[in-house]
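For reference, the structure is listed below as structure tokens.
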């Protein structure tokens with residue numbers, strides 16, 4: 001397992017962490033496998049032990065590996081987790097991709113449709129008014145992660161025509177394209193999390209058998225500009241069994 005080409009411009013610790021992140025994501029490294037020791041990593045990658053340790057610390061923070069005293073660094077079973085629209089937005093800002101580790105998206109559909117009542121309420125328009133609807137399904141090695149829908153004011157279809165086209169966006173998420181085309185940036189986000197028994201429509205979107213009784217998480221995110229105007233309303237339906245994990249710094 002040699003390191004990636006030196007053309008990679010990331011800092012050494014990030015290259016090392018990225019290399020093993022990819023091996024874990026692809027399944028080449030499985031839960032329970034041990035990574036090389038810090039000393040071995042430092043030698044293999046021609047870096048200091050402090051740099052090698054920092055790389056492993058990144059993977060530990062991402063819950064991909066864990067340190068076992070006297071044994072080494074072990075690959076962990078990947079958590080079956082669910083990201084919110086805001087977290088995907090943050091991830092895209094850092095990496096230019098909304099995908100989590102091991103994720104892909106499919107079934108990208110888009111178009112201008114009549115706004116359902118709940119969406120109209122969130123966007124401050126009347127039910128039945130035109131609205132852009134973009135949907136996709138996120139999947140990982142465990143199956144469907146979530147069904148994600150972005151509801152966007154129809155006015156943006158003129159400035160960013162691709163928002164209403166049924167294909168994966170290039171150059172970032174819808175909010176990134178809106179910001180570049182109009183200068184309107186997200187300055188405030190409002191997130192909500194609720195749980196409910198999946199409806200018939202939920203089951204269809206999550207590709208579950210009709211009649212299945214399952215609890216799902218519903219994550220919504222409202223993205224507002226500096227004037228308090230809504231740029232996008234996102235709704236993520238988490239597949240049954242998916243969990244939410246958040247980490248925050250404790251102020252002392």
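Quick check: anything in segment 78-88 modelled with pLDDT of 95 or more, farther than 17 Å from residue 174 by Cβ and surrounded by 15 or more Cβ atoms within 10 Å (Cβ to Cβ)?
The answer is no; no qualifying residue exists.
Can you find a residue that is touching a helix residue (DSSP H, G or I) at 6+ places or on another chain (Cβ under 8 Å) and closer than 15 Å to residue 229 by Cβ anywhere in segment 134-152?
For segment 134-152, residues touching a helix residue (DSSP H, G or I) at 6+ places or on another chain (Cβ under 8 Å) and closer than 15 Å to residue 229 by Cβ: present.
Among the residues of segment 181-202, count how many are under 21 Å from the mean Cα position of the chain (by Cα), without any contact (Cβ under 8 Å) to a residue 60 or more places away in the chain and not in a loop (DSSP other than H, G, I, E, B).
Matching residues across segment 181-202 total 6.
Specify the residue that is farthest from the chain's Cα centre (by Cα); the eligible residues are those in segment 105-128 that are at positive phi and outside any strand (DSSP E or B).
Ranking the qualifying residues of segment 105-128, first place goes to 128.
Which of the residues belonging to segment 98-121 are surrounded by fewer than 19 Cβ atoms within 10 Å (Cβ to Cβ) and more than 30 Å from residue 65 (Cβ to Cβ)?
Those that are surrounded by fewer than 19 Cβ atoms within 10 Å (Cβ to Cβ) and more than 30 Å from residue 65 (Cβ to Cβ): 107, 108, 109, 111, 112, 113, 114, 116, 117, 118, 120, 121.
For the subset of segment 4-35 comprising residues that are within 23 Å of residue 141 (Cβ to Cβ) and in a loop (DSSP other than H, G, I, E, B), which member is modelled with the lowest pLDDT?
4
Specify the residue that is nearest to the chain's Cα centre (by Cα); the eligible residues are those in segment 129-180 that are free of Cβ contacts under 8 Å to residues at least 12 places away in the same chain and assigned to a helix (DSSP H, G or I).
So the residue we want is 179.
Just to be sure, is residue 218 free of Cβ contacts under 8 Å to residues at least 60 places away in the same chain, closer than 19 Å to residue 153 by Cα and either in the same structural domain as residue 122 (by TED's automatic domain parsing) or assigned to a helix (DSSP H, G or I) (or both)?
Judged against the criteria, residue 218 is not a match.
Here are the criteria: (1) at pLDDT 75 or above; (2) in contact with a strand residue (DSSP E or B) (Cβ under 6 Å, 6 or more places away or on another chain). Tell me which single one residue 124 does not satisfy.
Evaluating residue 124 over (1) at pLDDT 75 or above; (2) in contact with a strand residue (DSSP E or B) (Cβ under 6 Å, 6 or more places away or on another chain) leaves (2) as the failure.
When the residues of segment 236-252 are filtered to those that are assigned to a strand (DSSP E or B) and at pLDDT 85 or above, which remaining residue is nearest to residue 82 (Cα to Cα)?
Residue satisfying both the conditions and the ranking: 238.
The values are calculated or read from the model by the stated rules, or taken from the named source; none is laboratory data. Owing to the predicted nature of the structure, the values given are computational and were not obtained by experimental measurement. Please note: Cβ atoms are built from the backbone with ideal geometry, for glycine as well, and neighbour counts cover all protein chains shown.
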